[in-house]
Each structure stands twice: as C-alpha cells, then as structure tokens.
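What follows is calculated from the coordinates using simple rules that are stated; it is not laboratory data. Owing to the predicted nature of the structure, the values given are computational and were not obtained by experimental measurement. Note: ideal-geometry Cβ built from the backbone for every residue, glycine included; neighbour counts use all protein chains shown.
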Amino acid sequence: MNIDFNLKNDLVFFDIESTGLNVVRDRIVQIALIKYFADGKEAEELEMLVNPTIPISQEAMDVHGITPDKLRGKPTFRDVAQQLYDFIGDADLCGYNSDRFDVPMLMEEFARVGIEFNLDNRKSIDVQKIFYKMEPRTLQAALRLYCGKTLEDAHDALADVRATVDVLKGQIIRYDNVDHVDGDGFTTKAPIKNDMNAIHEFTHDNRLIDVTQRLKYDHKGQIVFNFGKYIGKPVAETLIKDKQYYHWILDKEFSTQVKQLVKKLVKDYGDQQQNPS
C-alpha cells in the first residue's frame, strides 16, 4: 500500500515470538523490527533469533515452529539487549496486540538485564485496537455487515434474537464455499455452511472444558488451569498438593461447573493414587 507515514517521531514496528504467553515468566525466541524515521530516511529492519535459556512450550512451538534446535548457538537476550535498545532509541512503538503482549514482554526482558525501557515519553500504537474499534464486534455491527440492516430496539431481547437469526442467515450466504485460513496458515475448507453441526465444530474450541474458560486441555491431554498463579499446571495434581487453593476455588465465585469438575478431578486423582492400576 503506497502511503508515507506522517511522523513527528521515529516509529518502530515490532513483533515477538516467545516460549509461551505469560509476559512475565516466558521469554523471547524471535524478535523482528522495522524502523521508520521522522526525517524521511529509508526504513531499517532488524530480525534475530534469541536463545531463551528456558524450555519452549509445545503450544508455542506448534504456532511459530521455532524449536530448541533452531536456537542452539544463538545469542541470549542479554547478548543482544543493548543492540535492540539502541535500534529502538527514542522511537514510538507499533504492533498487533502489542499493548497486551509484545510491549510488556519486551519491557520484562530489558528489566532482567538491568535496562530500564521507559514508555513515559514514547507513544504506543496497537493496530488490533484500531481494528476492533473501527470494526466493532457487536450485534448491531454484524447486522449491518451481513444484512445491510439497522437494529431497531437494540437490547430488547426479542429484537436481538431476531437480529441474531438474520445475522446467521447472512453469514451462511456470505461464506458459502469460502475457505478459512487461520493465523498459522492452516486452511479449513468451507467451514460455514447450512449445517449446524459443521458450524459448531468450526467455532467450538475443544481445548476448553468449561464455559467460563477456567480449565482446558493442554497438548498432552491433561486438564490444566487456564488462569491464576497455576496457569498451565495440571489441576488435580496441583490441588492435591495445595489444599488451600482447592478450598479457595470452592469458596469463591467460580461457576458451578468449575467447582464440580475440580471436585471430580481431585477425587479421581486421589483414588488413582490410592489404587494404582
């Protein structure tokens, strides 16, 4: 797209691949940056693989394909921190979902090696936020997009239901014979069709166990926490060891479904330990 950015300050676009999704505990395995200059100088690019010095989760490797073998002999973040810091300089930052992930992870990495990466005097632009604000994910917006209609009496239950009916019909028509390519390049052939079973399979995340998304299956098929201090840890084994956390879940405002699952998982795990097959 042929457009020149109107810049008052240098602007660095960047993206991070990592060992996982926890911005505090996980580490960078790849970083790429493109720097645009306010004075009109030609943009510069910098990309590098980084040895994280900790294991890479299987979920992360499934997404970005960066394995420990590819990182063997690569520099650690400590080795490249000053180079990255100097490249960014006083520039503003831009990325996709960067405010929630890339920026805080980069700040944590700099902090570990004793470099203060300050945001006070730089702006941060998250392209995802533009997308979500300009293309709102509301029923009214969906009705306009798929049906060309305006929703009257928004938030009246019956009007909303009728609008939802129209939106699904519009989606089935619009996406007839349209393939879906996800962020990792995997293609699903024409997933949206006039078949409710097919639509359910396409939209349902089989890794999630409860409707509040507190528990999920990991890549090994174990049920793990999807929240809190034990995120990614096996539920049953963890709660057997930490009875206080178990009772905390049962006493707090978790869904009935979560509480029932937790009770069953702990009981089954205890029974298995007492009567190993």
query: What is the set of long-range amide H partners of Ser124 at a cut-off below 5 Å, with H atoms built 1.01 Å from backbone N?
result: Leu93
- prompt: Listed here are the pairs Lys74/Lys220; Lys70/Lys220; Lys70/Lys229; Lys229/Lys252; which of them are more than 25 Å apart at the Cα?
  reply: Lys74/Lys220; Lys70/Lys229
message: At a 10 angstrom cut-off on C-beta neighbours, averaged per residue, how do the peptides 69-77, 92-100 rank from highest to lowest?
response: 92-100, 69-77
message: Taking the beta-carbon count within 10 Å as an exposure proxy, list Phe14, Phe110 from fewest neighbours to most.
response: Phe110, Phe14
- request: Relative to the compact-globule scaling 2.2 N^0.38 Å, provide the ratio for the alpha-carbon radius of gyration of the stretch 1-75.
  value: 1.38
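To the nearest 20 debye, what charge dipole does the stretch 215-274 have about its Cα centre, counting +1 at the Cβ of each Lys and Arg and -1 at the Cβ of each Asp and Glu?
The calculated dipole for the stretch 215-274 is roughly 60 debye.
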message: Just want to confirm a number: the relative contact order over the stretch 136-203, from Cα pairs under 8 angstrom separated by 6+ residues, in percent.
response: 21 percent
- prompt: Which whole number in µm²/s is D for the chain by Stokes-Einstein, with the Kirkwood Rh taken over Cα pairs at 4 °C and 1.567 mPa s?
  reply: 57 µm²/s
- request: Return Phe101, Phe5, Phe87 ranked ascending by Cβ neighbour count within 10 Å, so the fewest neighbours appear first.
  value: Phe5, Phe87, Phe101
- prompt: Normalised by the residues of the stretch 11-131, what does the relative contact order come to in percent, with Cα pairs under 8 Å and at least six apart?
  reply: 27 percent
Qualifying lysines (Cα of each under 30 Å from Cα of Lys8; at least 8 residues distant if same chain): Lys35, Lys41, Lys123, Lys129, Lys133
message: Under 8 Å for C-alpha pairs, at least 6 residues apart: give me the relative contact order for the chain, rounded to a whole percent.
response: 10 percent
